[in-house]
Amino acid sequence: MPSTASSNQNPPSTTALRERRAPVTAAKKAVTGDFDFVVVANRLPVDRVTAEDGSAEWRRSPGGLVTALAPVMASADGAWVGWHGATDEKLEEFNEDGMHLVPVQLSQEDVELYYEGFSNSTLWPLYHDVIMPPEFHRTWWDRYREINIRFAESAAASASKGATVWVQDYQLQLVPRLLRAMRPDLKIGFFNHIPFPPMEIFAQLPWRHRVLEGILGADLIGFQRQSDANNFLRCVRRYLGFTVKSQRIHVPDEDGSPRRIARAEAHPISIDSALIAQLAEDPAVLERSREIRADLGDPDVILLGVDRLDYTKGIRHRIKAFGELLADRELSVGQATLVQVASPSREHVGHYITLREDVEGSVGRINGEYDTMSHTAVRYLHHSYPVEEMVALYLAADVMLVTALRDGMNLVAKEYVAAHADKRGTLVLSEFAGAADQLRHAVLVNPHDIDGLKESIMEAIRMPEQESARRMRIMRRQVTTNDVARWSRDFLESLSRTDEED
Ligand code: F6P
């Protein structure tokens, strides 16, 4: 439950006061733009692909956020501000797929310092329970601030008077405050897609006050889990000394006088359940899932892992557990196969390079030891696939392994459930993934406990059909009722209520 204590036990330190009084930035005053609804995210919702004739074209990116917001963008005269993925390339604003897109330019050095550096080598490991040690560099922080100003200026120039602006994720935590300073007329929401760490971990961040103040520029701050919101509220009380009552934060003016209320709430993100369920009935997808099973030599049990190749996902733990089950002769090749899809991610960041070497080393060792001429132990695929192929894989898999060491939500778990209208299949789910709050009928695991993980995998494999169907039915109800459209609607409705309530 959110705490109801007020701030007064923990007065802010002198550093906090000095930080709080720091001028917002030297950012430009913005002109008013044309759009009533503006999304600000690190990436644009489209990817550039090469068409068959060699020309470049844009295609909508896969993923829940785009699916959820595209209809809102179309109906509300919306614009999306984000990076288009290439370095040192200036693009003009353009319309694509019914959306107005505003590209933000990043140089190669911006990507190294702001994206690979501060976002993904400082904040990402810090916010994921320091699974890997975060690095703190002032040059990275300086560039993070500069790029946040660039995004804020672009959003400010796009938003019409009184527009709603929704800022997404940890790469842009300073944008809400910057934007409010440039455009006090805006209604600003912020959603943190990744976990917000416990205060004792957040404490390490040398710029903790600045980050908290940055986020607090928003009227509504959304988190995946209630525990993330609680961690944030605790940090606000401790480091800024602001009064927090229930989920409401009293954000004072620079001189300390009462000013406005910001709210922190849990809004767990979801998937386009209807799309996944519809694909799962598509004859071509069903045929493909049969083909996958046959290509794997028709084993009794297909175990499946689908992740970005990221150290937070617990891929090493999963492969270790599977390798030990083979060594213990609990499972054998031919009877069981683990399919691991690991899509390439952040390939220039040190910890990701090491992770790839480790994972590929263990897969090679296990396959070298246990493969036969006709069957493989681990089918490892370092690729991304279109959603149709993913659904075919979900349908082919008897057991889905989601063993994240820490994960904001994990949409793969929800997609697996949505695909199984046939009520087949069992989900093994880490208790450290946000999805565990909603999918209580999965086989919940602590992935650090390798023996426990092995037992849970065997429990899932041996689960009587009736029992796995019962669990799948309950989980499907959750996922189909709470889809991604509902997530965005609930957040935006709550954001629109901020004035009346506060
Ligand atoms: O939630 C974290 C996130 O930024 C997602 O929005 C995104 O799908 C994933 O991490 C990978 O992001 P990127 O490739 O931009 O680092």
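The values are calculated or read from the model by the stated rules, or taken from the named source; none is laboratory data. None of these values were measured; they are calculated from a predicted model. Because the Cβ atoms are built from the backbone with ideal geometry, glycine has one as well, and the counts that use them run over all protein chains shown. Just so you know, the surface numbers come from the protein's heavy atoms only, side chains and all, with ligands and any DNA or RNA stripped out. Shrake-Rupley method; radii C 1.70, N 1.55, O 1.52, S 1.80 Å.
Quick check on region 349-394: of everything there that is in a strand (DSSP E or B) and either out of contact with any strand residue (DSSP E or B) (no Cβ under 6 Å at 6 or more places or on another chain) or closer than 15 Å to Pro299 by Cβ (or both), which residue is least open to solvent (accessible area, probe 1.4 Å)?
So the residue we want is Val378.
Restricting to region 149-171, name every residue that is part of a helix (DSSP H, G or I) and not charged (D, E, K, R).
Ile149, Phe151, Ala152, Ser154, Ala155, Ala156, Ala157, Ser158, Tyr170, Gln171
Among the candidates Glu330, Glu415, which residue alone is under 27 Å from Ala294 (Cβ atoms), out of contact with any Pro (no Cβ under 6 Å at 6 or more places or on another chain) and within 16 Å of the ligand (Cβ to nearest atom)?
Going through Glu330, Glu415 in turn, just one is under 27 Å from Ala294 (Cβ atoms), out of contact with any Pro (no Cβ under 6 Å at 6 or more places or on another chain) and within 16 Å of the ligand (Cβ to nearest atom): Glu415.
Looking only at region 46-58, which residues are open to solvent by 70 Å² or more (accessible area, probe 1.4 Å) and away from the ligand (no atom under 16 Å from the Cβ)?
Listed by number, the residues that qualify are Thr50, Glu52, Asp53, Ala56, Glu57.
Do you know which residues across region 333-348 are open to solvent by 10 Å² or more (accessible area, probe 1.4 Å) and within 16 Å of the ligand (Cβ to nearest atom)?
Ser343, Pro344, Ser345, Arg346, Glu347, His348 - these are the residues of region 333-348 that are open to solvent by 10 Å² or more (accessible area, probe 1.4 Å) and within 16 Å of the ligand (Cβ to nearest atom).
So which residues in region 155-167 are crowded, with 23+ Cβ neighbours inside 10 Å and not β-branched (Val, Ile, Thr)?
Ala155, Ala156, Ser158, Ala159, Ala163, Trp166
Scan region 127-145 and give yes if some residue there is open to solvent by less than 20 Å² (accessible area, probe 1.4 Å), within 18 Å of the chain's Cα centre (by Cα) and aromatic (Phe, Trp, Tyr), otherwise no.
Scanning region 127-145, I find at least one residue that is open to solvent by less than 20 Å² (accessible area, probe 1.4 Å), within 18 Å of the chain's Cα centre (by Cα) and aromatic (Phe, Trp, Tyr), so the answer is yes.
List the number of the failed condition for Leu304; all other conditions in (1) open to solvent by 50 Å² or more (accessible area, probe 1.4 Å); (2) under 23 Å from the mean Cα position of the chain (by Cα); (3) away from the ligand (no atom under 16 Å from the Cβ) hold.
Going through (1) open to solvent by 50 Å² or more (accessible area, probe 1.4 Å); (2) under 23 Å from the mean Cα position of the chain (by Cα); (3) away from the ligand (no atom under 16 Å from the Cβ) one by one, Leu304 breaks only (1).
Does region 240-247 include one or more residues that are more than 17 Å from Leu179 (Cβ to Cβ), part of a strand (DSSP E or B) and open to solvent by less than 40 Å² (accessible area, probe 1.4 Å)?
yes
Please go through region 89-111 and give me each residue that is open to solvent by 50 Å² or more (accessible area, probe 1.4 Å), touching a helix residue (DSSP H, G or I) at 6+ places or on another chain (Cβ under 9 Å) and at pLDDT 95 or above, ordered by number.
Residues satisfying the conditions are Glu93, Gln105, Glu109.
Name every residue in region 172-200 that is in a helix (DSSP H, G or I) and buried (at least 18 other Cβ atoms within 10 Å of the Cβ), in order of residue number.
Residues satisfying the conditions are Leu172, Val175, Pro176, Arg177, Leu178, Leu179, Arg180, Met182, Met199.
Based on this model, can you work out whether Pro195 counts as without any contact (Cβ under 8 Å) to a residue 12 or more places away in the chain and either assigned by TED's automatic domain parsing to the domain that holds Leu44 or away from the ligand (no atom under 16 Å from the Cβ) (or both)?
The answer is no for Pro195.
Can you confirm whether region 120-134 contains a residue that is aromatic (Phe, Trp, Tyr), in contact with a helix residue (DSSP H, G or I) (Cβ under 8 Å, 6 or more places away or on another chain) and over 23 Å from Ala79 (Cβ atoms)?
yes
Six or more apart or on different chains, Cβ under 7 Å: which pairs go from a residue in region 343-359 that's in the same structural domain as Leu113 (by TED's automatic domain parsing) to one that's within 15 Å of the ligand (Cβ to nearest atom)? Could you list them?
none
Restricting to region 233-260, give me the number of residues that are more than 30 Å from Ala435 (Cβ to Cβ) and of a type in the set (Val, Ile, Thr).
Total satisfying the criteria: 2.
Which ones in region 459-478 are of a type in the set (A, V, I, L, M, F, W, C) and either surrounded by fewer than 16 Cβ atoms within 10 Å (Cβ to Cβ) or farther than 22 Å from Ala336 by Cβ (or both)?
Ile474, Met475
Take the conditions surrounded by fewer than 22 Cβ atoms within 10 Å (Cβ to Cβ) and basic (Lys, Arg) and apply them to Arg293. Does it pass?
Here the answer is yes, as Arg293 does meet what is asked.
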